[in-house]
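Worksheet: one structure, shown below.
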Amino acid sequence: MRKAILTDITKCIGCLKCVSACKEVHSLKEDEPRIWQKNDGLSADNWTSIIQKPDSHYIRKQCRHCIEPACASVCPVGALHKTEIGAVVYDSSKCLGCRYCMMACPFGIPRYEWDKTVPHVEKCILCYDRIKKGELPACTNACPTGATIFGDRSELLKIAHKRIKENPGKYINKVWGEHEVGGTSVLYLSDIDLGFLSYPVNLETKPLPEKTAKAMESVPFAFVSMGGVMLGLNWIIRRRMELSKEQSKKKESEDE
């Protein structure tokens, strides 16, 4: 059964308890902002953030856990993969550091550990380990107002559409994440447009892997080609070093 999170923007008070709970559960250190970071609060050490908009609107940003994730489709080694419940998780032991996932994500979610000697990509994993144990994701468990709730995706969609129907004029008649890029496992209800959470603003309903597949067909050839180039450069450099040593030895013998 595909699990999901539904966040109702009208209920969020911006208390940041979801952010604190995420950092505590996943042992994330205090963030050190960099000038090149996107201005959305996310980083390798912040897997969820709160974006403040006018009129006391607080929007939680996190990985959307796409039903057909573009990040996983472009990963050449399977470091990112979708689980049986819909959570998209990451295996750092497989990662090559190519950052294709960062370029492919339409929501700009994966972040790189720029200050690490051996950097990895980091992002929300929907508290996959907690869910497997029958626990709630840390963020939903910590929410004091019920602004973010967890459950089966199909049931959360029913709840979302029921709220829209029973509260005419309160919400925009849309559930963000229901259809975009094939659907996501993080859904939103809102009274303001949430198009700013994606790139581009107006996403198609067609899953992105259908578009990325063609591009990824050339990746194995690119790796082979690059490998050939690197081997060639290595041979040239080694040959030059050998010739240099031979010339040095010859000069030394002539001097004697």
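So here's what we get for this one:
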read-out: Charge tally in the Cβ shell below 11 Å around D193, where Lys, Arg are +1 and Asp, Glu are -1, D193 excluded; value: +1
read-out: Gained length - M103 relative to K53, 0.36 nm times residue gap less alpha-carbon distance; value: 15.4 nm
read-out: Under 5 Å, built H, 5+ apart or other chain: amide partners of I172; value: S190, D191, I192
read-out: Backbone N under 18 Å from the E32 label point (7 Å along Cα→Cβ), restricted to the range 102-123; value: 111-122
read-out: Filter on K23/K132; K3/K23; K133/K170; K17/K170; K132/K206 - keep pairs with C-alpha separation over 27 Å; value: K133/K170; K132/K206
read-out: Long-range amide H partners of L80 with built H, under 5 Å; value: D91
read-out: Extension gain (nm, one decimal) between L136 and S93, 0.36 nm per residue minus Cα-Cα; value: 12.8 nm
read-out: Cβ-based exposure ranking for F196, F107, in which fewest neighbours within 10 Å come first; value: F196, F107
read-out: Ranked Y58, Y188, criterion: other C-beta atoms within 10 Å, fewest first; value: Y58, Y188
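We did not get these values from a lab; they are worked out from the coordinates using the rules stated. If you're wondering where the values come from, they're calculated on a predicted model, not measured in any experiment. Positions of Cβ are backbone-derived with ideal geometry, glycine not excepted, and every protein chain shown enters the neighbour counts.
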